[in-house]
Structure formats: C-alpha cells, structure tokens
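Colleague: So that we are looking at the same thing, I have put the structure below in structure tokens.
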Amino acid sequence: MFTYESKYYEDVMTAAWTFLGKLTPLFLLLIWFFTCKHWWYHSILIPVAMYTYQLVIAFYQDAYANTYTIDTNQLIYLAPFFIVILSIVYLIRIKIFDRVYGIDLSEIDETDVSVFSSVSETDRRQLKSFQSEEEYWELTEEDYYSRL
C-alpha cells in the first residue's frame, strides 16, 4: 500500500490520533452544515474553518518537521473569515425578522410615533382637544372622575 513516516510527531499512532482528533469533529460539523435547515446554519462554518485550519497546520508540521507552532494564533488568521460569516448570518437574521414581524420603516410617519417623546402624537392631540373644550374648566368632581 503505502508507508507513512511521521517527522514531527515521531510516531505514526500519535500522528493518526492527532489527525483523527481534528477530522472527526470536522466531518460531523460538515454533515451538520449540509443537513441543517435552520436560518443560522452559516455560523457552523466558523468551527469548520477552525478545524480545517488546525488540520492543515498539523499536516504541514508533520510533513516538514516544523517545530514552530503555527497553531497558536489561529484566531488572528481566521478573523476576517469570521467577520464575513457573522455579517452574512446577521443580515439573514434581519431579513427573516423583517418578514416575520412585518417591520417597515416607511410606516413610522403614518402611525404618528414620536421617537423623542413617550407620548404619541395621537394622544397629544386628544389631550389638547380635551383641554380646549369649554366644559373642561367647569367640570364638577363627579364629571371629572366619570370622564377618567
């Protein structure tokens, strides 16, 4: 068949154990990614990228007997990939929630919602019309409480 000579790990069993320790979760994550039907399935690509990077580095170190540990700063190398994936997931989330809840920012002007005040414009108009009525100032206590 073939022979494998482990240079970095000095033992084929240790190299196989290391490679399988990275291949097994990578394989399971890929199955999960391709069979997932949730909207956030793109976020599974982040650990897939981390395990892929670790596997490539493990093969590189073993093939070239490199004692320099490249695996220590993996998040720095993968940060641009993480940012892109998380941005995509967040944009998908926004689109889904906009469809589910029917949020349309153009309707804010039509509903008389004031951003800076806790009292809406409709309530403010009703209060002014109530205050402008003549009988408002001449109400008895019973009428006042009945209107409340």
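Colleague: For segment 12-44, how many residues are over 25 Å from Leu91 (Cα atoms), open to solvent by less than 100 Å² (accessible area, probe 1.4 Å) and free of Cβ contacts under 8 Å to residues at least 40 places away in the same chain?
Modeller: Quick first cut of segment 12-44, residues over 25 Å from Leu91 (Cα atoms) only: 12-28.
Checking the rest, the ones that are also open to solvent by less than 100 Å² (accessible area, probe 1.4 Å) come to 12, 14-16, 18-19, 21-26.
Next, only the ones that are free of Cβ contacts under 8 Å to residues at least 40 places away in the same chain stay: 12, 14, 16, 21-26.
Count: 9.
Colleague: If you don't mind, another one. Which condition number in (1) modelled with pLDDT of 90 or more; (2) open to solvent by 90 Å² or more (accessible area, probe 1.4 Å); (3) closer than 30 Å to Phe97 by Cα is the one that Pro47 fails?
Modeller: For Pro47, the failing item is (2).
Colleague: Further, regarding this structure: Checking Leu91 against (1) surrounded by 13 or more Cβ atoms within 10 Å (Cβ to Cβ); (2) within 22 Å of the chain's Cα centre (by Cα), which single condition isn't satisfied?
Modeller: So the condition that Leu91 fails would be (1).
Colleague: Please give the number of the condition Gln61 fails out of (1) at pLDDT below 90; (2) out of contact with any helix residue (DSSP H, G or I) (no Cβ under 6 Å at 6 or more places or on another chain); (3) loosely packed, with under 15 Cβ neighbours inside 10 Å.
Modeller: The one condition Gln61 does not meet is (3).
Colleague: Here are Tyr4, Tyr9: which of them is in a loop (DSSP other than H, G, I, E, B) and either of a type in the set (Val, Ile, Thr) or surrounded by 15 or more Cβ atoms within 10 Å (Cβ to Cβ) (or both)?
Modeller: Answer to the check: Tyr9.
Colleague: Could you look through segment 77-87, keep only residues that are of a type in the set (A, V, I, L, M, F, W, C) and open to solvent by 70 Å² or more (accessible area, probe 1.4 Å), and pick out the one that is nearest to Gln54 (Cα to Cα)?
Modeller: So the residue we want is Phe81.
The values are calculated or read from the model by the stated rules, or taken from the named source; none is laboratory data. Since this is a predicted model, take the numbers as computed values, not measurements. Reconstructed Cβ throughout: ideal geometry from the backbone, glycine too, with neighbour counts over all protein chains shown. To get the accessible areas, we keep the full protein, side chains included, count just its heavy atoms, and leave off ligands, DNA and RNA. Shrake-Rupley method; radii C 1.70, N 1.55, O 1.52, S 1.80 Å.
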